[in-house]
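No lab work stands behind these numbers, since they all come straight from the coordinates. Just so you know, these numbers come straight off a predicted model, no measurement behind them. Here the Cβ positions follow ideal geometry from the backbone for every residue, glycine too, while neighbour counts run over all protein chains shown.
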Amino acid sequence: MNKNLPNLVRPKSLDDFICNDELKLIFENIIKNDDFHSFIFYGKPGTGKTTISFILAEGLKASYDYFNAAIDNKENLTRKINLNKILIIDEIHRLNKDKQDILLPYLENDMITIYATTTENPYFKLNPALRSRCLIIEIQKPSTENLALQLKKINKQFNFNLDISDETYNFLALQSGGDFRAAINNLDLLSILSKNKKISLDNVKKIIPQIQFSADKNQDSHYDYLSAFHKSLRGSDPNASLYYGFIIVKSGDFDGLFRRMICVAYEDIGLANPLMGPNILNAIAAFERIGMPEGYLPISYAILSLALSPKSNSSSLAGSKSLNVINSGKIFEVPNFLRDSHYKSSAKLNHGIGYKYPHDYENHYVKQDYLPKELKNEEFYKNQLQGYEEKIKLYWSKIKNGE
């Protein structure tokens, strides 16, 4: 019905722009105070980065133009900078070095204001010199409620006359993954394909069955999910761990998922449950053996095992502390009684002399100092009394102290 409905309904004023109250206040003050600071707007596709750039440029009533870093050439960049007070630069992460070299002097001398948009994390993808001359604002995805409300307005505004329930509007909003453009396009598709103006949720699911989902493993949002997964496991939250874990499954990054799971087993669980590492490797092997879709079974088992296990990072801390001591240069001679004594002449050097063989003693233990004398009182490992580790503490207390 409408060839480019998202463009037709693109907000033209700040009142119609969807964002939180704090951001709206910032944008209002930019226009109110004739503020010509340069901004980088960062966020996922369809969140309104380019839209707010145009709204601000219009609101400041200054000459402006649009430049796409992916396809426009440097001659266009120079011409548009010289003819305008504001330049909107889409996909600034694609701005190559030649174009950056042209742009930077204008920014340094306040000869141009830019509103740059990017789906990539500017702290990872942009030249620091360029980034430091701009303020960075992250544009968040609109809420499901806001998206559903906007879809209702569009249905009425363009006389689609679609009879859609609130549940169906919410499904369309959720299905878009927070991408406003995707949500509008799906509503437009329904208006074209639906012969019956009464649209049931089941019909919508048949027409639009697949959730919009960004599965780009190079985007920082993917690493946010990996981070949230790891921290949810460490925090012993089984529900959040399953949620973030299966988002990563949906992205297809099984290597990233399994790497985090193995790390948690050894970093965050460790001696509290020493069998967790082998158990996770077995679950991964089972997944690789049966594949998807049944592969979700060992993945679910492994995620819950990690989340619900007692936690201890004593082994991680012990390893880190010992490495720090070594890296600080504290590398000393091995005590003579611990040195290699398998060859005949070793005794002439006092190597191995005085070593007590623990298996010759009661409980297979005998007290002797193993660290170099310079580190005699150094303590790398501290028991955290968690899970199985508590049993280890009780065992050695009994053996060493007779408790």
Tell me the angle of helix 180-193 to the major Cα principal axis of the chain, expressed in degrees between 0 and 90 and rounded to the nearest ten.
60 degrees
In degrees, nearest 10, the alpha-carbon axis of helix 254-264 is tilted away from the dominant principal axis of the alpha carbons of the chain by 40 degrees
Report the residue, chosen from GLU167, GLU91, GLU379, that carries the largest GNM mean-square fluctuation when the chain is represented by alpha-carbon nodes joined by springs under 10 Å.
GLU379
Scan around ILE136 for amide H atoms under 5 Å from its own, H built in the peptide plane at 1.01 Å from N, and keep only partners 5 or more places away or cross-chain.
ILE40
With a point put 7 Å past each Cα toward its Cβ, work out how far VAL334 is from ASN96 in nm, to one decimal.
5.8 nm
May I ask for the percentage of alpha-carbon pairs in segment 74-142 that lie more than 21 Å from each other?
19 percent
Computed over the chain: relative contact order in percent, which uses C-alpha pairs under 8 Å that are six or more apart
11 percent
Would you mind computing the Rg to Rh ratio of segment 324-401 from its alpha-carbon coordinates, Kirkwood style for Rh?
1.05
Pair ASP16, TYR381: separation of 7 Å Cα→Cβ label points (nm)
6.8 nm
Length gained if ASN170 through ASP110 is fully extended, taking 0.36 nm per residue and subtracting the Cα-Cα distance, is 17.1 nm
Cross-link reach from LYS197 to lysines, straight Cα distance under 17 Å and at least 8 residues apart if same chain, gives LYS152, LYS153, LYS156, LYS205, LYS206
Report, in degrees rounded to the nearest 10, the 0 to 90 angle that the Cα long axis of helix 49-59 makes with the longest principal axis of the chain.
50 degrees
What residue among ILE353, ILE114, ILE299 shows peak mean-square fluctuation when the chain is described by a Gaussian network model with Cα springs under 10 Å?
ILE353
Per 0.36 nm of contour for each residue apart, how much would the distance between TYR357 and TYR395 grow if the chain were fully extended, relative to their Cα-Cα spacing?
11.7 nm
Over the chain: helical MRE at 222 nm, DSSP H runs n ≥ 4 each giving -39500 (n - 2.57), nearest 500:
-15000 deg cm²/dmol
Evaluated at q = 0.13, 0.14, 0.23 Å⁻¹: base-10 log I(q)/I(0), Debye formula over Cα of segment 220-308
-0.35, -0.41, -1.14
For GLU138 and LEU317, calculate 0.36 nm times their separation in residues minus their Cα-Cα distance, and state this gained length in nm to one decimal.
60.9 nm
Principal axis box of segment 19-138, alpha-carbon based, largest edge first, Å:
38, 29, 23
Under 18 Å Cα to Cα from LYS198, which aspartates and glutamates show up? Leave out anything in the same chain fewer than 8 places away.
ASP163, ASP166, GLU167, ASP188
Compute the relative contact order of segment 19-138 as a whole-number percentage, counting only Cα pairs closer than 8 Å that sit 6 or more residues apart in sequence.
35 percent
Just how large is the dipole of the chain about the Cα centre, in debye to the nearest 20, putting +1 at every Lys and Arg Cβ and -1 at every Asp and Glu Cβ?
500 debye
How big is the dipole moment of segment 276-403 about its Cα centre under a simple scheme where the beta carbon of each Lys and Arg is +1, that of each Asp and Glu is -1, and everything else is neutral? Debye, nearest 20, please.
360 debye
Reachable lysines, given that their alpha-carbon falls under 30 Å from the alpha-carbon of LYS348 and they are not under 8 places away in the same chain
LYS330, LYS356, LYS367, LYS373, LYS376
Taking every C-alpha to C-alpha distance in segment 151-195 and binning by 5 Å from 0, the per-bin percentages run 5, 23, 36, 28, 8, 0
With charges only on Cβ, +1 for K and R and -1 for D and E, what is the dipole size of segment 71-147 about its Cα centre, in debye, rounded to 20?
140 debye
Sort 43-50, 385-392, 326-333, 72-79 by the packing proxy (mean of other Cβ within 10 Å over each peptide's residues), most packed first.
43-50, 385-392, 72-79, 326-333
Give me the one-decimal Kirkwood hydrodynamic radius in Å for the chain, with the sum taken over alpha-carbon pairs.
26.9 Å
